[in-house]
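> Following this message is one structure expressed as structure tokens.
Just so it is clear, none of the values below were taken in a lab; they were calculated from the coordinates. Since the structure is predicted, the reported quantities are computational estimates derived from the model, not experimental observations. Counting neighbours? That spans all protein chains shown, and the Cβs are built from the backbone with ideal geometry, glycine included.
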Amino acid sequence: MGSPRTGRIDAATRAPFGWAPLVVLFVVGLVDRMEANLLSGVLPLVQKEWGFSDTVAGSIPTAAALAGAIVAIPAGYLADRRSRTKIIAVVVFIWAIATLGTGLATGFAMFYLMRVLLAAAENIDNPAAGSLLADYYPPVTRAKAYGLTRVTTYLGGVGTLLGGVLGEAYGWRNAFFIMVVPGVLTALLVWLLKEPGRGELDRIVAQSATTTDTVAAEPVPAPAPDTVPTTEAPGAAKVSFGAQLRQVLSIPSLVFVCVGLGLLTLGLAGVFYWLPSLMVRNYGVGTGAAGSLSGLITIIGPVAGTLIGSWLGRKWHGTRKGGRLLAGGGGITLGSLILGVALSMGSLYPMAALILLASTSMSIAIPNMTACLADVVPAGVRGLGFAVLQLLITGCGAFGSLVVGIASDRTGSLLGGMYILIIPMVVGGLLTLGARGSFERDAGKVLDAARNS
């Protein structure tokens with residue numbers, strides 16, 4: 001059993017490039033979500049200083065997400081043609097600068113602008129990271145790799161918790177200043193990562209599958225330690241952007257998963273952005289306590305859900321039709337219904353307990369959905385495939401907080417807006433379940449293409 005570090009890659013190797021790339025990309029996602037969700041924890045303090053309405057407060061992540069959606073598709077196209085590690089490193093450094101600018105804001109307009117800039121930068125790195133993982137880890141460990149990195153998308157509770165605690169103790173500006181340091185250090189870590197060969201693991205797995213299911217493929221040469229593998233996808237220079245985008249959008253499984261996760265994100269973005277504020281207003285707790293409790297829910301739930309989802313995905317993949325989609329889509333649907341029940345609770349702790357259960361259930365999708373997406377999108381356009389996912393997640397998520405904010409101003413209740421968002425979340429879960437009908441066929445086409453390349 002070999003690896004790039006010893007000059008060979010074996011089809012049975014679970015981590016041919018080692019686990020260090022996974023750790024680094026996990027840190028990238030974690031720092032990203034911590035910074036993005038810092039605002040939720042300090043929001044009551046920022047509103048107190050500048051006195052803007054809930055509608056305006058809700059529009060901050062909306063404008064930020066729309067900016068991110070605009071850059072998502074070009075970012076995916078870039079990820080299929082340039083060094084993905086360098087793209088991520090530069091983007092993470094830009095995060096740090098935008099975070100510093102947030103803390104230094106002398107007025108609300110500058111504060112608003114920095115949040116928009118930050119979100120646009122954050123969305124540039126996602127397609128590159130999604131593409132990289134598929135080239136670092138073969139299908140046998142892809143669910144684990146994507147699970148551990150994508151769980152950070154739902155670990156915004158870390159940022160919410162820090163925002164509430166640091167904001168109450170030291171002021172909301174210092175909460176942002178502190179986040180600059182991990183941003184700079186993370187950029188340096190990514191810069192030092194080696195770029196893997198694009199689509200190499202897919203070809204090895206496909207060639208191995210043509211001979212035997214149990215014997216590893218013949219070793220093939222790997223890049224020398226001091227050389228960087230080509231970052232151009234096969235045929236990338238010959239195929240237009242429009243043709244590649246049509247190729248990606250013609251994959252039924254991708255469309256079902258992306259739309260389903262987009263609707264889920266619409267609801268999650270609205271509910272969890274306003275959750276600390278709901279606790280402060282409706283249950284009379286302090287900013288620090290609200291941020292801590294809300295943060296813990298969105299930390300413990302995704303971690304538990306990812307562990308359960310990894311186990312279920314591994315157990316059901318290959319034994320049930322679209323097994324990973326069954327686990328993830330079922331978890332989303334059930335979790336959305338539990339969340340609706342949670343919001344009806346009149347007491348803080350029963351509500352928090354049910355939200356934790358809902359978060360755990362929905363997080364079962366984390367290690368399964370993105371792994372399925374990598375399986376059905378060819379290596380040459382995988383960055384663009386993840387860009388489509390990011391576009392729909394970001395675009396739908398843009399309006400969750402705004403819907404709740406407008407409803408709050410018009411009805412005087414945050415809960416009204418939150419209830420509105422339960423329906424699209426349930427629909428999102430059902431759509432991801434619908435992808436089961438086409439998954440096996442789409443995944444088989446990817447291996448066939450890799451085998452013949």
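> Checking the condition in contact (Cβ under 8 Å) with a residue 40 or more places away in the chain, outside any helix (DSSP H, G or I) and either hydrophobic (A, V, I, L, M, F, W, C) or crowded, with 20+ Cβ neighbours inside 10 Å (or both), which residue from 280, 285, 303 passes? Explain how you work it out, then say what you get.
Working: 280 fails: outside any helix (DSSP H, G or I); 303 fails: outside any helix (DSSP H, G or I).
Checking each option against the conditions leaves just 285.
> While we're looking at this one, here's another question. I'd like the residue in the stretch 308-357 that is among the charged types (D, E, K, R) and within 22 Å of the chain's Cα centre (by Cα) and, out of all such residues, is nearest to residue 429 (Cα to Cα). So that I can check it myself, show each step before the final result.
Within the stretch 308-357, the subset among the charged types (D, E, K, R) is 314-315, 320-321, 324.
Next, from what is left, pick out any that are within 22 Å of the chain's Cα centre (by Cα): 314, 324.
Values: 314: 20, 324: 13 Å.
Among those residues, the one meeting the criterion is 324.
> Still on this structure, please answer the following. Would you check which residues across the stretch 85-136 are among the acidic types (Asp, Glu) and either surrounded by fewer than 24 Cβ atoms within 10 Å (Cβ to Cβ) or in contact with a strand residue (DSSP E or B) (Cβ under 9 Å, 6 or more places away or on another chain) (or both) and list them? Can you show your working first?
Filtering the stretch 85-136 for residues among the acidic types (Asp, Glu) gives 122, 125, 135.
Within the stretch 85-136, just 135 meets the criteria.
> Kindly indicate whether residue 406 is touching a residue at least 60 places away in the same chain (Cβ under 8 Å), of a type in the set (Val, Ile, Thr) and more than 28 Å from residue 283 (Cβ to Cβ). If you could, list the steps in order and put the result at the bottom.
Values: touching a residue at least 60 places away in the same chain (Cβ under 8 Å): yes; of a type in the set (Val, Ile, Thr): yes; more than 28 Å from residue 283 (Cβ to Cβ): no.
In short, no.
> Another one. Could you please let me know if residue 443 is surrounded by 21 or more Cβ atoms within 10 Å (Cβ to Cβ) and either assigned to a helix (DSSP H, G or I) or touching a residue at least 12 places away in the same chain (Cβ under 8 Å) (or both)? Explain how you work it out, then say what you get.
Working: surrounded by 21 or more Cβ atoms within 10 Å (Cβ to Cβ): no; either assigned to a helix (DSSP H, G or I) or touching a residue at least 12 places away in the same chain (Cβ under 8 Å) (or both): yes.
It is false that residue 443 is surrounded by 21 or more Cβ atoms within 10 Å (Cβ to Cβ) and either assigned to a helix (DSSP H, G or I) or touching a residue at least 12 places away in the same chain (Cβ under 8 Å) (or both).
> Looking at the stretch 351-365, is at least one residue assigned to a helix (DSSP H, G or I) and farther than 20 Å from residue 298 by Cα? Even if it seems obvious, please write down each step before you answer.
Of all residues in the stretch 351-365, those assigned to a helix (DSSP H, G or I) come to 351-365.
Pick out the ones that are also farther than 20 Å from residue 298 by Cα and you get none.
Checked against the condition, which is being assigned to a helix (DSSP H, G or I) and farther than 20 Å from residue 298 by Cα, the stretch 351-365 yields no hits at all.
> Return yes or no: is residue 142 assigned to a loop (DSSP other than H, G, I, E, B) and either in contact with a His (Cβ under 7 Å, 6 or more places away or on another chain) or touching a residue at least 24 places away in the same chain (Cβ under 8 Å) (or both)?
Values: assigned to a loop (DSSP other than H, G, I, E, B): no; either in contact with a His (Cβ under 7 Å, 6 or more places away or on another chain) or touching a residue at least 24 places away in the same chain (Cβ under 8 Å) (or both): yes.
Criteria not met by residue 142.
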